[in-house]
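Quick notes on the structure that follows.
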Amino acid sequence: MFQNKVVVITGGAGGIGKVICEEFTKAGAKVCVIDIAENPFFVGDIGEEETLERFAAKVIAQYGHVDCLINNAPPLFKGIDSCTWEEFNYALRVGVSAPYRLTQLFLPHFAPGASIVNISSSRDRMSQAQSESYTAAKGGISALTHALAVSLSGKVRVNSISPGWIDTAGTLYDGADAAQHPAGRVGTPLDIANMVLFLCSEQAGFITGENICIDGGMTKQMIYHADCGWTYQQ
């Protein structure tokens, strides 16, 4: 399905991003990764514009076009009590500004039928305390998704995925951790990768501007004090 397609993935050296890379590679794609961790294509910090420009130039010089852009790199996770001005803005650069800038850089080079998938989070609609930098960035990328979908109408389809609890360490969760999910289990990176590949495929040709929450149903489950054994402690 993706034979010789050029797929760009940020944050592809580990976690969800690594599994996305593996699945595209299995499907025959040419995968271009940028990550601060070691990887076969490009090591660099997407929070720096000059790094993005060098990365994009390498992709185009090597392949000439882009079929899929997957903005996956996670922003800094810190809260109002500890996150500095510089750290908060860095989180936004990684989580929102970098996807925007990469889209600009690749805009003249997107192939017909191209697709962008942004990895947001279920935190774009709900929060824990002390999560402001991450949550703000994820909310921003969700909104940027539908704005880009309209601006790039007829050129590139743009969608986002909001994962819930996704275990990236291969831990077997049972008991309450699993049972609190209406789906009955904690998610895996493959749950996200499968949707990424679908959204980039011709089968999703009528889907753009959409956000798909993959969280085992947790954001749909209402929680009240003393319901299902939960108690609220102040």
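Does Leu107 count as under 19 Å from Leu52 (Cβ atoms), in a helix (DSSP H, G or I) and over 15 Å from the mean Cα position of the chain (by Cα)? Yes; evaluated as a whole, the condition is true for this residue.
Taking the criterion of being of a type outside the set (Asp, Glu) and either in contact (Cβ under 8 Å) with a residue 40 or more places away in the chain or not in a helix (DSSP H, G or I) (or both), the residues of region 58-73 that qualify are Val59, Ile60, Tyr63, Gly64, His65, Val66, Cys68, Leu69, Ile70, Asn71, Asn72, Ala73. Residues in region 146-158 that are surrounded by 16 or more Cβ atoms within 10 Å (Cβ to Cβ) and either under 19 Å from Pro112 (Cα atoms) or free of Cβ contacts under 8 Å to residues at least 24 places away in the same chain (or both): Leu148, Ala149, Leu152, Val156, Arg157, Val158.
Could you please find all residues in region 78-134 being under 26 Å from Ala193 (Cβ atoms), charged (D, E, K, R) and in contact with a Ser or Thr (Cβ under 8 Å, 6 or more places away or on another chain)? Arg123, Asp124, Arg125 - these are the residues of region 78-134 that are under 26 Å from Ala193 (Cβ atoms), charged (D, E, K, R) and in contact with a Ser or Thr (Cβ under 8 Å, 6 or more places away or on another chain). Of the numbered criteria (1) charged (D, E, K, R); (2) within 21 Å of Lys155 (Cα to Cα); (3) touching a strand residue (DSSP E or B) at 6+ places or on another chain (Cβ under 7 Å), the one Lys58 fails is (2). If you go through region 27-38 and keep only what is within 22 Å of Ala91 (Cβ to Cβ) and of a type outside the set (Gly, Ala, Ser), you end up with Val33, Ile34, Asp35, Ile36. The listed residues are Ala29, Ala57, and the only one of them that is of a type in the set (Gly, Ala, Ser), surrounded by fewer than 16 Cβ atoms within 10 Å (Cβ to Cβ) and modelled with pLDDT of 95 or more turns out to be Ala57.
Considering the conditions (1) closer than 21 Å to Val196 by Cβ; (2) out of contact with any Lys or Arg (no Cβ under 9 Å at 6 or more places or on another chain), Glu38 is excluded by exactly one of them, (1).
When you check Ile192 against the structure, is it in contact with a strand residue (DSSP E or B) (Cβ under 7 Å, 6 or more places away or on another chain), closer than 30 Å to Thr84 by Cα, touching a residue at least 12 places away in the same chain (Cβ under 8 Å) and outside any loop (DSSP other than H, G, I, E, B), yes or no? Considered against the rule, which asks whether it is in contact with a strand residue (DSSP E or B) (Cβ under 7 Å, 6 or more places away or on another chain), closer than 30 Å to Thr84 by Cα, touching a residue at least 12 places away in the same chain (Cβ under 8 Å) and outside any loop (DSSP other than H, G, I, E, B), Ile192 comes out as no. Consider region 197-234 and keep the residues that are in contact (Cβ under 8 Å) with a residue 24 or more places away in the chain and assigned to a helix (DSSP H, G or I). The one that is farthest from Val19 (Cα to Cα) is Lys220. Number of residues in region 79-99 that are surrounded by fewer than 18 Cβ atoms within 10 Å (Cβ to Cβ), assigned to a loop (DSSP other than H, G, I, E, B) and not polar (S, T, N, Q) equals 3. Only one of the numbered conditions (1) under 13 Å from the mean Cα position of the chain (by Cα); (2) not in a helix (DSSP H, G or I) is not met by Gly17, and that is (2). Answer with yes or no whether Glu202 is at pLDDT 90 or above, more than 25 Å from Gly14 (Cβ to Cβ) and under 14 Å from the mean Cα position of the chain (by Cα). The answer is no for Glu202. Taking every residue in region 167-188 that is assigned to a loop (DSSP other than H, G, I, E, B) and pairing it with any residue that is hydroxyl-bearing (Ser, Thr, Tyr) and at pLDDT 95 or above, at least 6 positions away or on another chain, the pairs with Cβ-Cβ distances below 9 Å are Asp167/Thr188; Thr168/Thr188; Gly170/Thr188.
The values are calculated or read from the model by the stated rules, or taken from the named source; none is laboratory data. The structure displayed is predicted, hence computed values, not measured ones. Positions of Cβ are generated from backbone atoms using ideal geometry, with glycine treated the same way; all protein chains shown enter the neighbour counts.
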